[in-house]
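Sharing a structure here in structure tokens format.
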Amino acid sequence: MTALNTIPTTWTFAALAVVLLATGCAGRSGAPDRAPAFTAEGFNGHVQVLASDEFEGRRPASAGEEKTVAYLEQQFRAWGLQPGTPAGFRQPVPFLELTALPADELRVAGPRGELVLRYGDDAVYWTTRPVREVALEASELVFVGYGIVEPQYGWNDYAGIDMRGKTAVILVNDPGFATGDPELFKGRAMTYHGRWTYKFEEASRQGAAGAIIVHEEEPAAYPWEVVRNGAVKPQLLIDEPGRDGYRIAVEGWVTRGSAERLFAAAGLDFETQKREAAVRGFRAVPLELRASTSVRNAIRRATSSNVVAVLPGRERPDEFVLYTAHWDHFGRALAFGGDAVFNGAIDNATGTAALLELAQAFSAVRPRPERSVLFVAFTGEEYGLLGSEYFAAHPTVPLASVAGGVNMDGLYLAGRTHDLTVFGIGSSELEDSLRESAARQGRVLRPEPTPEKGYYYRSDHFNLARRGVPMLYVKSGIDVVGKGETYGRQWAADYVAQRYHKPSDEFDPTWDVSGVLEDLALYFDVGYRLARDTAFPAWYPGNEFRPIREQSRAAAAAK
Ligand SMILES: [Zn+2]
């Protein structure tokens with residue numbers, strides 16, 4: 001028996017309560033007359049189209065984008081949803097597209113001679129400056145440990161060192177992860193300081209000319225191939241005055257093997273230095289090596305689109321419940337291995353298909369919710385959460401009027417689960433409602449099994465959350481019905497190892513979508529009840545985003 005079969009008793013009662021209340025605020029128990037029936041055909045149908053070779057991997061500002069966006073528009077329109085902007089369903093997002101041309105090798109000169117790192121196999125590097133060519137000329141290498149400056153933790157890897165003109169060599173993740181010491185940072189859970197984006201941002205703040213991260217598979221959470229493919233895909237930046245997307249001259253990664261050779265060239269042992277970098281009071285180590293290379297870009301200006309659709313609320317159309325998923329992926333693999341298509345079936349045709357299925361369900365549900373429901377398919381997630389950043393900076397509705405949202409990215413296809421993984425659990429009151437919805441399905445919430453991977457900072461909800469909007473990022477858990485946790489963990493690990501950000505992330509007709517269908521019912525239930533509610537869920541006390549939300553809600557109330 002599926003959990004859905006157990007629901008009607010509760011829901012009939014709730015529906016009766018709604019009838020008795022007759023009008024106005026339905027309260028938390030607001031349930032539809034009939035729960036939507038999500039089907040494998042419906043869900044798979046969208047995934048199959050979006051992940052087809054014909055859609056060319058859905059790269060922003062490509063022919064694949066046009067097909068994708070047209071498909072989304074057509075679906076939203078067919079269900080009677082309204083365009084989310086005055087100009088239509090598309091919110092144009094201006095991009096600068098930088099494509100790294102094959103770079104020179106990285107030559108490192110030291111007292112013991114010259115070391116040459118080959119582009120691609122040993123190291124990858126690029127510039128995110130909107131220029132055709134940048135060179136690194138005999139830039140002094142400095143090992144800066146984890147490259148973190150965080151006064152809260154009393155940590156400063158750049159203390160006493162002037163980085164101007166120099167190149168930082170940086171470890172990935174953070175000292176808490178490396179040592180497993182719960183007293184350091186957040187222990188094994190990754191902090192934002194562990195993310196590669198942070199490393200480059202900090203090196204930039206220090207005025208460095210270059211920044212090179214040492215790739216290690218476990219703390220990075222993905223294999224070298226992901227880094228290498230990432231380096232040759234076109235980079236997108238939001239093309240808008242005042243945005244400082246233009247960082248250090250040369251950014252990149254080296255393999256662990258290359259790092260060992262680098263340290264050996266400096267007369268040092270990589271492992272020993274790495275251990276010392278995790279000890280409080282670590283001081284940056286000048287390596288007495290000088291790096292030179294040059295990188296080149298092809299540059300073009302391009303426009304991509306977020307797709308925004310709205311189902312107006314019948315009582316309070318100026319309040320919103322938000323569903324989001326990114327439609328974009330990497331396009332074609334032009335370098336390193338032919339012209340394969342990055343189909344991005346799981347990442348994120350599944351989330352986009354879920355967005356469409358939810359839009360259809362909401363368009364048909366009765367009673368129609370009091371609040372409006374906003375559906376946004378973001379562009380440019382794979383290039384640094386760009387579409388969501390643009391949307392959050394230029395929202396089509398005031399962010400203070402968004403009661404809460406659900407982001408869907410990379411749904412799990414291991415089958416039905418007894419549990420749900422909540423990324424960044426313990427954040428907001430939306431989780432109270434989520435827990436209720438999960439309980440109706442006989443499921444429980446659990447924290448992400450691998451908080452060290454920092455997934456909370458790696459999808460679009462983050463750009464809304466950091467502007468105060470409570471957002472859920474939830475997927476099927478790991479305790480698979482009839483198969484257990486080992487199977488669930490294995491499924492997730494296989495996905496990351498075999499398919500994540502690779503051309504092999506393709507639609508598979510043998511997928512077990514039973515878990516996804518339950519997830520859809522859950523996403524619907526949480527959003528529907530919020531869309532019938534009058535409350536604005538708060539961030540839990542102590543959450544970093546709570547003060548921002550309190551300010552924006554207060555400002556909205558004062559109007
Ligand atoms: Zn992705």
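DSSP beta bridges in the chain, what fraction antiparallel, as a percent rounded to 5?
That works out to approximately 60 percent antiparallel.
About its Cα centre, how strong a charge dipole does the range 32-79 have in debye, to the nearest 20, once Lys and Arg get +1 and Asp and Glu get -1 at the Cβ? Let's see the in-between values first.
On the way: 5 positive and 8 negative charges, 28 e Å.
With Lys and Arg at +1 and Asp and Glu at -1, about 140 debye.
For the Cα atoms of the chain, what angle does the longest principal axis make with the long axis of helix 63-78, in degrees from 0 to 90, nearest 10?
Once rounded, the angle reads 20 degrees.
Expected output is a single nm value to one decimal: the length gained when fully extending between residue 288 and residue 138, i.e. 0.36 nm times separation in residues minus the C-alpha distance. What is it? All intermediate terms of the calculation are to be shown ahead of the outcome.
Details: separation 150, 0.36 × 150 = 54.00 nm, distance 1.07 nm.
Length difference between fully extended and current span is 52.9 nm.
So what does residue 491 come to for accessible area, using a 1.4 Å probe and Å² rounded to 10?
Counting only protein heavy atoms, the figure is 30 Å².
Placing unit charges on C-beta atoms (Lys and Arg positive, Asp and Glu negative, everything else neutral), compute the dipole magnitude of the range 35-144 about its Cα centre in debye, rounded to 20.
Numbers: 10 positive and 16 negative charges, 79 e Å.
Roughly 380 debye, rounded to the nearest 20.
Right, here's the next one. What do you get for GluC sites (Glu not before Pro) in the range 497-548 restricted to DSSP loop and a cutoff of at most 14 other Cβ within 10 Å of the site's Cβ? Each step should come with its number before you reach the end.
On the way: sites: 506, 518, 544; in loops: 506, 544.
Passing sites in the range 497-548 are 544.
Could you compute how much accessible surface residue 502 exposes when probed at 1.4 Å, giving the result in Å² to the nearest 10?
Surface accessible to solvent at residue 502 totals approximately 20 Å².
Dipole of the range 425-549 (Lys/Arg Cβ +1, Asp/Glu Cβ -1, origin at the Cα centre): which of 510, 426, 481 lies farthest to the positive side?
Looking along the dipole axis, the top candidate is 426.
Along the charge dipole of the range 100-173, Cβ charges K/R +1 and D/E -1, which of 171, 155, 134 sits furthest on the positive end?
134
Out of every Cα pair in the range 263-373, what percent are spaced more than 17 Å from each other?
It works out to 76 percent of all Cα pairs.
Output the Kirkwood hydrodynamic radius of the range 136-295, Cα pairs only, in Å rounded to one decimal. Could you put the intermediate results ahead of the total?
Working: mean 1/r = 0.0624 Å⁻¹.
When all Cα pairs of the range 136-295 are included, the Kirkwood radius is 16.0 Å.
Between the range 124-174 and the range 204-238, what is the C-alpha centre distance in whole Å?
Cα centroid of the range 124-174 versus Cα centroid of the range 204-238: 12 Å apart.
Relative contact order, percent, of the range 390-545 when contacts are C-alpha pairs under 8 Å separated by at least 6 residues?
Working: 216 pairs, mean separation 59.6, N = 156.
Reported relative contact order: 38 percent.
Work the Kirkwood hydrodynamic radius out for the chain: mean of 1/r over every pair of different alpha-carbon atoms, inverted, in Å. Mind dumping the intermediate values first?
Values: mean 1/r = 0.0407 Å⁻¹.
Every distinct Cα pair counted, the radius reaches 24.6 Å.
Rounded to the nearest percent, how much of the accessible area of the chain (1.4 Å probe, protein heavy atoms only) is carbon and sulfur? Walk me through the numbers on the way to the answer.
Numbers: 11180 of 21220 Å².
Here it works out to 53 percent.
Could you give the accessible area per residue of the range 425-559, probe 1.4 Å, as a whole number in Å²?
Solvent-accessible surface per residue comes out at 39 Å².
So how tilted is helix 351-364 from the main axis of the chain? Cα-based, degrees 0 to 90, rounded to 10.
Approximately 20 degrees, to the nearest ten.
Ignoring ligands, DNA and RNA, how do 417, 486 rank by accessible area with a 1.4 Å probe, largest first? Mind dumping the intermediate values first?
Details: 417 5, 486 115 Å².
The residues order as 486, 417, largest area first.
So what's the net charge close to residue 188: Lys and Arg +1, Asp and Glu -1, counting the other residues with Cβ under 14 Å from its Cβ?
Details: positive: 186, 453; negative: 174, 181, 183, 218, 448, 452.
Value of the local net charge: -4.
Cα atoms only: what Rg and Dmax, in Å, come out for the range 88-218?
In Å, with Rg to one decimal and Dmax whole: 17.2, 63.
Based on the mean of other Cβ atoms within 10 Å per residue, sort peptides 522-532, 271-281, 100-110, 142-152 so the most packed one is first. Before the final figure, lay out the partial values.
Working: 522-532: 24.6, 271-281: 14.4, 100-110: 17.8, 142-152: 21.3.
Ranking, from highest mean packing down: 522-532, 142-152, 100-110, 271-281.
Measuring from centroid to centroid over Cα atoms, what is the spacing of the range 418-435 and the range 340-383 in Å?
When both Cα centres are located, 20 Å separates them.
Still on this model: With a probe of 1.4 Å, find how much accessible area the range 261-418 has per residue, and write the answer as a whole number in Å². If you can, show how the numbers build up before the last one.
On the way: 4760 Å² over 158 residues.
Value returned for the range 261-418: 30 Å² of accessible area per residue.
How big is the dipole moment of the chain about its Cα centre under a simple scheme where the beta carbon of each Lys and Arg is +1, that of each Asp and Glu is -1, and everything else is neutral? Debye, nearest 20, please. Can you show the working numbers first?
Details: 59 positive and 71 negative charges, 222 e Å.
It comes to approximately 1060 debye.
Please report the projected area of the range 333-450's Cα convex hull averaged over all directions, in nm².
On the way: hull surface 41.4 nm².
Over all viewing directions, the range 333-450 projects a mean Cα-hull area of 10.3 nm².
Which residue, 454, 100, 541, has the largest displacement toward the positive end of the dipole of the chain when charges sit on each Cβ (Lys, Arg +1; Asp, Glu -1)?
541
Roll a 1.4 Å probe over the protein chains and send me the accessible area per residue for the range 18-143 in Å².
Details: 5850 Å² over 126 residues.
Result: 46 Å² of accessible area for each residue.
Continuing with the same structure: Taking the chain as the reference, fit the longest principal axis to its C-alpha atoms, fit the long axis of helix 514-532 to the helix C-alpha atoms, and give the angle between the two in degrees, 0 to 90, nearest 10.
The helix 514-532 is inclined about 70 degrees to the chain.
The values are calculated or read from the model by the stated rules, or taken from the named source; none is laboratory data. Note that the structure is a prediction, hence the values are computed from the model and not measured. With ideal geometry, Cβ positions are generated from the backbone for all residues, glycine too; neighbour counts draw on all protein chains shown. We work out accessible area using only protein heavy atoms, side chains counted, and drop any ligands, DNA or RNA first. Shrake-Rupley method; radii C 1.70, N 1.55, O 1.52, S 1.80 Å.
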